Amino acid sequence: MKLVSIVVPVYNEEENIDVFYQEVVKNMEALPYCFEIVFVDDGSKDATPLILERLAGQDQRVRGLVLARNFGHQVALSCGLDNADGDCVITMDGDMQHPPEMLPKLIEKWEQGFEVVQTVRLTTEGVSWLKNFTSSLFYRLMNAMSNVQVQEGGSDFRLLDIKVVDSFRRFRERARFIRGMISAIGYRQIKMEFIAPKRFAGSSKFSIKKMLHFALDGITAYSKMPLRISFYIGLAFAIISFILTIHVLYIKMFTNEAVPGWATITASILLLGGLQLLFIGVIGEYVGRIFEEVKQRPLYLVREELTQHNTKNKK
Ligand code: UDP
Ligand code: MG
């Protein structure tokens, strides 16, 4: 029988895991497949690892990978993908916003021959207009700036054939925007729409800071546009200042109107100074990212792996 792996990154989800586990088991047991649930505990500070230990102890289909600290959702997801053993891997959130009732539908598409089944969130119940607005702005910006197209509302709820997972495992960059990576990887992809319900319990684990970093990772990983914009604006100013220089020389040599206007000088110094700082910042952002990548540090560190085997031995 084919094995389906379900990879779930969890960060402080103590109130959600049991319900999530029961729903997944209920939906998967109705299907003619073996399955495993690979939870990746992303450095939770609550009882999440204890719950995973209990589940792994009582059900051999459950494994828990406990990361050494919080590495972030995208890295936790990558850790799960690296360690899944299935013929296909489904990644989903552990807060019930990715409905387990969808699992049979994803697998059905896979059986039809699709290698990536990508879900698209139509709406999310109970999300503020600000989050909707900023998220839609981000996707528009991202798609305008890079040659990788990412579907607005694309989520990290998807099924990947083992061939795609193997390819994905060869992408070792640190700044990860998995939606973009999967879109760039190719293979036979299909979209499937869904409505995301509210979180079962708790609140979103994404702070504004985390969202902003995520957005920056997405844009800088796929686009050199910010660097190019600096070049074009620099070029425009170079042309303008060349024309101005001719003008200044003309006034100096052919008229008696020299030494007018400190205003122009101050204004142009301020403007150019500001622009230079701005674009040094843009370059700095990319240099920083090069620095992060060349260190070649491990993407994540697994403190322990919880399986039925090793949780039983402990007792
Ligand atoms: N998550 C994680 N590490 C983090 C933040 C979140 O593993 O640093 C997990 C979280 O437990 C959940 C999933 O990633 O299972 C999605 O997070 P969340 O529901 O907070 O995001 P939202 O649905 O608000 O976009
Ligand atoms: Mg959520």
Return a whole-number percent for the relative contact order of the chain, with Cα pairs under 8 Å and 6 or more residues apart as the contact set. 24
Starting from the Cα gyration tensor of segment 96-183, multiply each eigenvalue by 5, take the square root, and state the resulting semi-axes largest first in whole Å. 23, 20, 11
Restricting things to alpha carbons, find the Rg to Rh ratio for segment 71-219 using the Kirkwood radius for Rh. 0.93
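Once you have the alpha carbon radius of gyration of segment 161-315, what is it after dividing by 2.2 N^0.38 Å, with N set to its residue count? Before the final figure, lay out the partial values.
On the way: Rg = 26.7 Å, N = 155, 2.2 N^0.38 = 15.0 Å.
Its radius of gyration relative to the 2.2 N^0.38 Å reference: 1.79.
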Express the relative contact order of segment 44-130 as a whole percentage, based on alpha carbon pairs under 8 Å and six or more residues apart in sequence. 13
Please list the non-local residues whose amide H lies under 5 Å from the amide H of Asp46, H modeled 1.01 Å from N, same-chain partners needing a gap of 5 or more. Asn12
Alpha-carbon radius of gyration plus Dmax, which is the widest Cα pair, for segment 26-92 in Å: 12.5, 37
Of the chain, which part is the longest with no GluC sites (Glu not before Pro) in a loop (DSSP not H, G, I, E, B) and with at most 15 other C-beta atoms within 10 angstrom? 1-124
What's the carbon and sulfur percent of segment 184-286's accessible surface, probe 1.4 angstrom, rounded to a whole number? 73
Taking the chain as a Gaussian network, Cα atoms linked when under 10 Å apart, which of Val248, Val40, Val19 shows the biggest mean-square fluctuation? Val248
Which residues qualify? For Asp95, with a placed amide H closer than 5 Å and at least 5 residues away or on another chain, they are none
Can you work out the Karplus-derived ³J(HN,Hα) for every residue in segment 35-51? Use 6.51 cos²θ - 1.76 cosθ + 1.60 with θ = phi - 60°, whole Hz, and x for glycine or proline. 8, 9, 10, 9, 8, 10, 7, 8, x, 4, 9, 9, 7, 3, x, 5, 5
Members of Lys105/Lys198; Lys224/Lys295; Lys45/Lys191; Lys131/Lys205; Lys131/Lys224; Lys105/Lys209 lying beyond 24 Å, as alpha-carbon distances in this model show: Lys45/Lys191; Lys131/Lys224; Lys105/Lys209
Any idea of the accessible area per residue across the chain, 1.4 Å probe, to the nearest Å²? 55
Among Arg172, Arg297, Arg54, which one shows the biggest mean-square fluctuation in a GNM of the chain, springs joining Cα atoms closer than 10 Å? Arg297
Fluctuation leader among Leu160, Leu106, Leu275 - the chain, Gaussian network, Cα springs under 10 angstrom: Leu275
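What is the ratio of the Cα radius of gyration of segment 4-151 to 2.2 N^0.38 Å, with N the residue count, to two decimals?
On the way: Rg = 16.4 Å, N = 148, 2.2 N^0.38 = 14.7 Å.
Its radius of gyration relative to the 2.2 N^0.38 Å reference: 1.11.
Expressed as a fraction of 2.2 N^0.38 Å, the rule-of-thumb size for a compact globular protein of N residues, what is the C-alpha radius of gyration of the chain?
After normalising by residue count via 2.2 N^0.38 Å, the value is 1.30.
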DSSP beta bridges in the chain [antiparallel fraction, %, rounded to 5]: 35
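Take every DSSP beta bridge with both residues inside segment 74-204 and express the antiparallel ones as a percent of the total, to the nearest 5.
Within segment 74-204, antiparallel bridges account for around 55 percent of the total.
Counting only protein heavy atoms and using a 1.4 Å probe, what share of the accessible area of segment 1-137 belongs to carbon plus sulfur, as a whole percent?
Details: 2880 of 5360 Å².
So the carbon and sulfur contribution to the accessible surface is 54 percent.
The values are calculated or read from the model by the stated rules, or taken from the named source; none is laboratory data. Predicted model, so just to flag it, every value in this text is computed and none were measured. Please note: Cβ atoms are built from the backbone with ideal geometry, for glycine as well, and neighbour counts cover all protein chains shown. Heads up: the accessible areas ignore ligands, DNA and RNA and are worked out on the full protein's heavy atoms, side chains in. Shrake-Rupley method; radii C 1.70, N 1.55, O 1.52, S 1.80 Å.
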